Structure formats: C-alpha cells, structure tokens
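Let me begin by presenting the structure, written as structure tokens, before commenting on it.
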C-alpha cells in the first residue's frame, strides 16, 4: 500500500484510502473512532504507529469524521470513491478503539484481522493502542527467515519421518507462526499441534470456518493426529536443550486439544518419564473438565484458557459451543487452580465489548472466583460489524479500554497482564 504524507495540523485527522491504495489525510476532518459508539478520537488513546504494523483498506466502507462538530461520512475525494483505513498491530500491543466507518451497500465481509483505529497527526500515523508487553524472544529479530530455513533443514535431518515436523515446517514458513519456528530454532515456547477436531465454531476461527461462511480461514487446519512417538520426540528434544523451555498443545492450526485427551495424556507421561525439564502447557477452550483432569494427572504444568467474555450469553454468541457451556469452562478453571496448575486467560479483547460495564463486572467476578496468574490481552481478529451483530453493542457507556486496563491493575495487583506465554507458575 503506497503512503503519501500531507501537511500537518495539531489535531488527529481522518485518513482514507484511494482506489489505488494510496493513504491520505483530510485536514478539515477530525478523526473519529468506534468504541461501541462513534465518537471523536481522543489523542490520549493514540500512539505512533509501531514498526511491524499493517495498514488495511476496508473495502465498501466510507470513513467518518467530525467537521464543524458534526459527524460526516467521507464518501469521495476528487470525485473518486474512497474507503476507510485501519491498522493491524504487531505482537505486544492491545487495541483500544475501532475504526469508524459506514458500510456501503454490498460491502464484503472483512477478513480476519484486528482492526484498530488509525489517524494522522503532526508526527505521522497514529493508532489507537497501548503497548502491553515486550519480549525479545517473540520479536521478528529472533525469527529471521534465514535462521528459520537453516533450522528447518537441521530438524528435518534430525526427525526425517516425523509428520508433526512436516506440519510445523509448513506453519513456520507459510503461516509465519513463531511457536512453530521455535521448534526448529530451539528457543522459547514450541508448538505441538495434535487435534484436528473442535467442539466450538468460533466466529473468528483462523483454521476452519463454516462451509457457508463469507469469511475465509487464514490457514488450513491439521488433518491428522500425530503419533505418540512423533509428539514425544519433538517435545523431549526441545525441553532437554532449551533453558526455561515450554512445549504447548493447542495451536492456531488445530482444533481443541481436550478432544485428543488420551493421546496427549500418554505423551505427557512419556515426556515426563524422559525429562523433568521445562513446562508442559496447553492452550484450550477448557470445555471438558474431566478431560483436563486427566492431563493434570499426567503432569500438565499450565493452561491458557481462551475467552471473549465472562458473560455466558456473549461467550456462546462468539464460540458457538457444541456439547458444553460456559459453566464447564469455569469448572475447568477452578479444577486447574485447585490442582496447582498455573492458569492464564487468553482474553480476546474488543472495544465496546471488553470495556462494557456489564462485561467488566462479570470478568471481575470471575477473577475473584478463580486464581488466575496471568491475563493475556489479545486483539480479537474479526469483522467488527459481524462481532457486534453477534454479541450486541453496549447498552451503557463503555469505560474505555485504557481505563479498563488501568482498573484491572488497581483491582488485581497480583495479576500479571501481558501478551506472551512465559514462565508463569
């Protein structure tokens, strides 16, 4: 996407994309944001656009801004239709406002990105975000293409007939997955994708959308389960050779690991018979407490449970669970905490939902009920209109995402807030 800088003013200004992808600002239009309701952009919510961000054109969507105090759709520039623009943030940042726009007739569904409000200021592009974490091992500098290619060649020789390694090679190169790359680079958290099946139909699932969905999956889900030997060969080698290593079940390229509980439990026991080093972790929807109990008994060290909401109705509207409910998720959290397993929440955040007063109250109650060591804020990758249509817009004024984060830190000072799985527990 081509960029063109224009003369600057002191306030945040609306931006738009021309048909050829060039992004411009409108000096006479004050930027607007969507935080559950459209409002003028607050400069305190904006930071300079971080390195590694993507600029995204929103096709079929006209930007809106404030001109003379009135909210105005911006439909044309120099006689040409224009589109709204958003930013997708790099790892370590949390979105605090959505782009404000009006959908035109026939607008296509947006692909699975986390759309953050973008504006233009004196110092260039600014985005509605806060930095919530930083970790060198999760940076692009620690995952250079050349190093990954060389490492894949080495591991392919080390594990010549391992189907899991073949899958991870695809994830590392085609999808750029850091946890897959870590298997080859022998560093940090290493992925162990196991389960092709899932018992949820998440609106923003990156590996498998409904056949009639207008949204494309960002990647292809694993088709077959690896063998116990394939899992253990990769996991044991990683745990033995990497300081503070983590091996983790439940990746973006798979379904729900609790549906492969017997295989994973056998693998965990075998891994622990071979080495007591590092941590064995599971990313899960926590839908099956009895299955989780088996993994804990086998030697599971930590879990990260994904939530979009602590309200059962909003949870169900996004996850669309099959054969379980939110009560099962809470039951699994209690079970893990009681058993001494380190618990982290993978909270899929969305302005206007996460900071809705009703949601804030529900999440606070959950955090008081269950011992959670870390809350990982994740910008939810989904078309905002699709998400609001499913879970509803707030009925009262949201707190604002920055206020929500600050409130969490004050109410739960023992709770670690960040973005990356690392050494908790």
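Bear in mind that the values in this text are calculations on the coordinates, not laboratory data. Keep in mind the model is a prediction, meaning the values are calculated, not measured. For neighbour counting, all protein chains shown are included, and Cβ atoms are generated from backbone atoms with ideal geometry for every residue, glycine included.
Quick check: Cα centre of the range 191-222 to Cα centre of the range 291-354, how many Å?
18
R0 = 30 Å: FRET efficiency of residue 213 with residue 163, Cβ-based, nearest 0.05? Each step should come with its number before you reach the end.
Numbers: r = 28 Å, r/R0 = 0.94.
Here the calculated transfer efficiency is 0.60.
When only C-alpha pairs under 8 Å and at least 6 residues apart count, what is the relative contact order of the range 13-131, in percent?
For the range 13-131, the relative contact order is 32 percent.
For the range 13-131, what is the convex hull volume of its Cα atoms per residue in Å³?
Values: hull volume 13.1 nm³, N = 119.
Convex hull of Cα atoms, per residue: 110 Å³.
Could you sort 347-360, 372-385 so that the peptide with the highest average Cβ count within 10 Å comes first and the rest follow in order?
347-360, 372-385
Apply the a/c threshold of 1.5 to the C-alpha gyration tensor of the range 176-309 and tell me whether it is rounded, prolate or oblate. Don't skip to the end; give the middle numbers.
Working: a/c = 1.98, a/b = 1.48, b/c = 1.33.
The shape class here is prolate.
Calculate the length of the line joining the C-alpha centroid of the range 361-398 to that of the range 246-264, in whole Å.
Each part's Cα centre sits 24 Å from the other's.
Grab the DSSP H runs of the chain that are 4 residues or longer, score each as -39,500 (n - 2.57), total them, divide by all residues and round the 222 nm result to the nearest 500 deg cm²/dmol.
-9000 deg cm²/dmol
Under the 0.36 nm per residue contour assumption, what length would be gained going from the current alpha-carbon distance of residue 67 and residue 170 to full extension?
32.2 nm
Report the relative contact order of the chain, percent, no decimals, based on alpha-carbon pairs under 8 angstrom and at least 6 residues apart. Write down the numbers at each step before the final one.
Details: 916 pairs, mean separation 59.3, N = 425.
With pairs under 8 Å counted, the relative contact order is 14 percent.
Springs between alpha-carbon atoms under 10 Å, Gaussian network over the chain: tell me which of 129, 117, 274 tops the mean-square fluctuations.
Of the options given, 274 has the highest mean-square fluctuation.
With a 10 Å radius around each residue's Cβ, average the other Cβ atoms per peptide and rank 295-303, 21-29, highest first.
Working: 295-303: 20.7, 21-29: 17.6.
Going from most to least packed, we get 295-303, 21-29.
By its C-alpha gyration tensor, with a ≥ b ≥ c as the square roots of the eigenvalues, how is the range 90-189 shaped: rounded for a/c under 1.5, else prolate for a/b larger than b/c, else oblate?
Details: a/c = 3.47, a/b = 1.93, b/c = 1.79.
Cα axes put the range 90-189 in the prolate bin.
How are the Cα pair distances of the chain distributed, in percent, across 10 Å bins from 0?
Result, from short to long distances: 5, 21, 30, 25, 14, 5, 1, 0 percent.
Using 0.36 nm per residue, how much length does the chain from residue 395 to residue 371 gain when fully extended, once their Cα-Cα distance is taken away?
The residue 395-residue 371 span can extend by a further 5.7 nm.
Starting from the Cα-Cα distance between residue 416 and residue 149, subtract it from 0.36 nm times their residue separation and give me the gain in nm to one decimal.
Values: separation 267, 0.36 × 267 = 96.12 nm, distance 3.44 nm.
Length gained, residue 416 through residue 149: 92.7 nm.
Give the peptides 59-70, 189-200 in descending order of average Cβ contacts within 10 Å, highest first.
Highest to lowest by the protection proxy: 189-200, 59-70.
Using a Förster distance of 41 Å, how high is the FRET efficiency between residue 339 and residue 19, based on the Cβ-Cβ distance and rounded to 0.05? Show your work: numbers first, answer last.
Working: r = 57 Å, r/R0 = 1.40.
So the FRET efficiency works out to roughly 0.10.
Given R₀ = 35 Å, what would the calculated FRET efficiency be for residue 386 paired with residue 273, taking r from the Cβ atoms and rounding to 0.05?
0.15
Hey, what's the Cα Rg ratio for the range 205-265 versus the globular rule of thumb, 2.2 N^0.38 Å?
Against the empirical 2.2 N^0.38 Å value, I get 1.39 for the range 205-265.
Rank the residues 415, 408 as a footprinting-exposure proxy: fewest other Cβ atoms within 10 Å of their Cβ go first.
On the way: 415 15, 408 19.
Ranking 415, 408 by Cβ neighbours within 10 Å, fewest first, gives 415, 408.
Using label points projected 7 Å from each Cα along Cα→Cβ, tell me how many nm separate residue 80 and residue 39, to one decimal.
If labels sit at residue 80 and residue 39, their model points lie 3.5 nm apart.
Would you mind ranking 388, 249 so that the residue whose beta carbon has the fewest other beta carbons within 10 Å leads the list?
Numbers: 388 18, 249 28.
Lowest count first: 388, 249.
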